[in-house]
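S.K.: Dropping the structure in here first, questions after.
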Amino acid sequence: MPIKPVLKTQIDHVSILDEHGNFDAKLGKGLIPDDDAVKLYEHMVVCRQLDEVAFKLQRSGRMGTYPQNMGQEATSTGAAYALNKDDWIVTAYRENPGLFWRGLPMEYILWHWMGDERGNQIPEGLYVTPISIPIGTQMLHATGLAWAAKYRKEDRIACTFFGDGATSEGDFHEAANFAANLNLPVIFFCQNNGWAISVPSCIQCSAPTIAQRGIAYGMDCVQCDGNDIFAVVKVMKDAIKRAREDKRPSFIEALTYRLGDHTTADDARRYRDAEELDQWKLRDPITRLGEYLKKKKLWNSGKEEALQARAKAEVAEVVKRAEGIAPPAKSEMFDSMYATIDDPQLRIQRETMRTSSLGQDQSQAGEDIEASGRERT
Ligand SMILES: Cc1ncc(C[n+]2csc(CCOP(=O)(O)OP(=O)(O)O)c2C)c(N)n1
Ligand SMILES: [Mg+2]
């Protein structure tokens with residue numbers, strides 16, 4: 001018996017607006033109308049400003065740890081632009097621009113990183129999930145949300161974002177396997193920024209692409225230049241069509257780079273070369289789109305100056321709103337967790353938290369112990 005191949009496959013790489021300003025007119029035709037291209041550019045500039053201010057808030061002790069999104073704006077912005085308003089966006093933590101494009105007020109993200117749970121209470125009617133810090137768990141949620149939509153016969157798909165490192169987690173493989181086997185309308189959007197904290201992607205994926213991990217599950221897989229918003233929109237539109245019309249999941253690997261540290265708790269200079277960073281600065285997705293607009297006479301230095309001023313003013317207002325909110329009552333950590341608090345010990349803890357510094361005022365706890373009829377052991 002001759003040996004014959006049972007599978008031949010390839011991964012395509014999609015690029016439309018390259019880092020030198022070349023535009024593939026055939027692939028890019030009608031993809032993003034001029035007015036929208038300007039709006040997308042303006043949006044990414046405002047998001048970059050928010051990112052820079054968030055970094056400073058952490059450094060000046062006004063906010064907790066923060067993962068900068070700088071350099072990765074085109075991925076989630078392009079994806080959110082291509083999706084419908086009532087499709088799910090299921091994110092990790094480096095997709096602020098996509099969440100803001102969808103309409104999440106910027107202060108929610110600052111609240112999240114300030115440790116205020118109200119940042120995770122997504123406004124009614126917005127189909128986005130809160131930031132996910134545990135790596136990979138959100139992919140399972142996306143598969144579940146897509147399954148629910150299919151079951152309810154809703155015309156809604158789910159797009160989940162995650163990093164290159166997240167594809168080494170078991171959660172990815174379970175989410176992908178379910179999505180493909182159950183024919184679910186999910187888009188797995190991998191932001192391959194080359195690093196999982198200090199681990200380069202080549203150490204945790206020996207294959208030439210991350211995208212091919214999806215092939216094992218029977219998904220359509222593609223790679224694109226993630227700093228090229230046109231390429232992102234193109235691969236998203238193709239994946240959205242497959243999800244909506246055929247109820248098939250897809251895997252997108254978008255090549256991008258985080259220009260900042262992993263988070264404010266990191267110093268990337270300790271593990272990555274300055275030259276690598278310099279190379280990627282030349283591929284900045286915002287500069288690239290800006291140059292495209294200038295070439296088409298849709299943008300000029302006057303508009304840029306006005307936009308920079310607007311971005312600063314808007315973000316300053318966001319910070320005012322984020323910091324201006326009254327702090328939550330300490331007891332809210334219990335009220336947000338439990339529908340009813342029946343356990344007497346929990347009631348004591350809640351009361352102690354409400355009335356004093358944690359555990360310092362025993363008399364408060366004692367009063368409630370008596371009220372609850374339980375003896376101290
Ligand atoms: C389940 C889990 N394991 C480990 C961590 C610690 N951790 C935080 S970020 C990170 C790397 C993630 O890399 P990647 O998925 O490439 O995303 P990126 O930060 O590059 O956007 C790890 C291991 C975590 N948050 N959750
Ligand atoms: Mg990464």
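S.K.: Could you grab me the full set of residues in region 56-97 that are assigned to a helix (DSSP H, G or I), basic (Lys, Arg) and either under 19 Å from Pro130 (Cβ atoms) or free of Cβ contacts under 8 Å to residues at least 12 places away in the same chain (or both)?
M.R.: Selection gives Lys56 alone.
Table: residues versus (1) within 16 Å of ligand 2 (Cβ to nearest atom); (2) without any contact (Cβ under 8 Å) to a residue 40 or more places away in the chain.
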{"position": "Arg152", "(1), (2)": "no, yes"}
{"position": "Ala158", "(1), (2)": "no, no"}
{"position": "Glu169", "(1), (2)": "yes, yes"}
{"position": "Leu184", "(1), (2)": "no, no"}
{"position": "Phe188", "(1), (2)": "yes, no"}
{"position": "Gln191", "(1), (2)": "yes, no"}
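S.K.: Another question about this same structure. Does Ala79 count as in contact with a strand residue (DSSP E or B) (Cβ under 8 Å, 6 or more places away or on another chain), in the same structural domain as Ala148 (by TED's automatic domain parsing), within 18 Å of Val233 (Cα to Cα) and modelled with pLDDT of 95 or more? Steps first, please.
M.R.: Numbers: in contact with a strand residue (DSSP E or B) (Cβ under 8 Å, 6 or more places away or on another chain): yes; in the same structural domain as Ala148 (by TED's automatic domain parsing): yes; within 18 Å of Val233 (Cα to Cα): yes; modelled with pLDDT of 95 or more: yes.
In short, yes.
S.K.: Could you give me the residue pairs with C-beta distances under 6 Å whose first residue belongs to region 98-117 and is closer than 17 Å to Glu332 by Cβ, whose second residue is surrounded by fewer than 21 Cβ atoms within 10 Å (Cβ to Cβ) and hydroxyl-bearing (Ser, Thr, Tyr) wherever it lies, and which are 6+ apart or on separate chains?
M.R.: These pairs meet every condition: Glu117/Ser336.
S.K.: Would you tally the residues in region 270-300 being assigned to a helix (DSSP H, G or I) and out of contact with any Lys or Arg (no Cβ under 8 Å at 6 or more places or on another chain)?
M.R.: Residues of region 270-300 assigned to a helix (DSSP H, G or I): 270, 274-281, 285-295.
Of the ones still in play, those that are also out of contact with any Lys or Arg (no Cβ under 8 Å at 6 or more places or on another chain) are 270, 274-281, 285, 287-295.
Count: 19.
S.K.: Which pairs turn up if I take residues in region 33-45 that are free of Cβ contacts under 8 Å to residues at least 12 places away in the same chain and in a helix (DSSP H, G or I) and look for partners that are surrounded by 14 or more Cβ atoms within 10 Å (Cβ to Cβ) and among the aromatic types (Phe, Trp, Tyr) with beta carbon separation below 9 Å, at least 6 apart in sequence or on another chain?
M.R.: Within 9 Å, the pairs are Lys39/Tyr81.
S.K.: Which of the residues belonging to region 1-18 are surrounded by 10 or more Cβ atoms within 10 Å (Cβ to Cβ), touching a helix residue (DSSP H, G or I) at 6+ places or on another chain (Cβ under 6 Å) and assigned to a loop (DSSP other than H, G, I, E, B)?
M.R.: Within region 1-18, Ile11, Ser15, Ile16 meet the criteria.
S.K.: Only residues that are within 18 Å of Ile325 (Cβ to Cβ) and either within 16 Å of ligand 1 (Cβ to nearest atom) or loosely packed, with under 14 Cβ neighbours inside 10 Å (or both): list them for region 100-112, please. If you could, list the steps in order and put the result at the bottom.
M.R.: Here is the first cut: in region 100-112, the residues within 18 Å of Ile325 (Cβ to Cβ) are 104-112.
Listed by number, the residues that qualify are Ile109, His112.
S.K.: Let me ask something else. When you look at Ala166, is it small (Gly, Ala, Ser), in the same structural domain as Gly28 (by TED's automatic domain parsing) and more than 14 Å from the chain's Cα centre (by Cα), yes or no?
M.R.: Taking the combined requirement at face value, the residue does not satisfy it.
S.K.: Spot the failing condition for Ser250; the list is (1) closer than 28 Å to Asp284 by Cβ; (2) within 20 Å of the chain's Cα centre (by Cα); (3) within 16 Å of ligand 2 (Cβ to nearest atom), and only one is missed.
M.R.: The failed condition is (3).
S.K.: Right, here's the next one. Are there any strands (runs of 3 or more DSSP E) wholly within region 113-230 with 3 or more residues that are of a type outside the set (S, T, N, Q) and more than 16 Å from ligand 1 (Cβ to nearest atom), and if so which?
M.R.: Values: elements: 158-163, 186-192, 220-225.
Ranges flagged: 220-225.
S.K.: Still on this structure, I have one more. Does region 227-245 include one or more residues that are touching a strand residue (DSSP E or B) at 6+ places or on another chain (Cβ under 9 Å), touching a residue at least 60 places away in the same chain (Cβ under 8 Å), within 16 Å of ligand 2 (Cβ to nearest atom) and under 20 Å from Ala92 (Cβ atoms)?
M.R.: Scanning region 227-245 turns up at least one residue that is touching a strand residue (DSSP E or B) at 6+ places or on another chain (Cβ under 9 Å), touching a residue at least 60 places away in the same chain (Cβ under 8 Å), within 16 Å of ligand 2 (Cβ to nearest atom) and under 20 Å from Ala92 (Cβ atoms).
S.K.: Take the residues in region 1-35 that are of a type in the set (A, V, I, L, M, F, W, C) and touching a strand residue (DSSP E or B) at 6+ places or on another chain (Cβ under 8 Å), then tell me which one is nearest to Phe251 (Cα to Cα).
M.R.: Applying the filter and picking the extreme gives Ile11.
S.K.: Being away from ligand 1 (no atom under 14 Å from the Cβ) and buried (at least 24 other Cβ atoms within 10 Å of the Cβ): is that true of Thr77 here?
M.R.: Yes: the conditions hold for Thr77.
The values are calculated or read from the model by the stated rules, or taken from the named source; none is laboratory data. Keep in mind it's a predicted model, so treat the numbers as computed, not measured. Backbone-built Cβ (ideal geometry, glycine too); neighbour counts: all protein chains shown.
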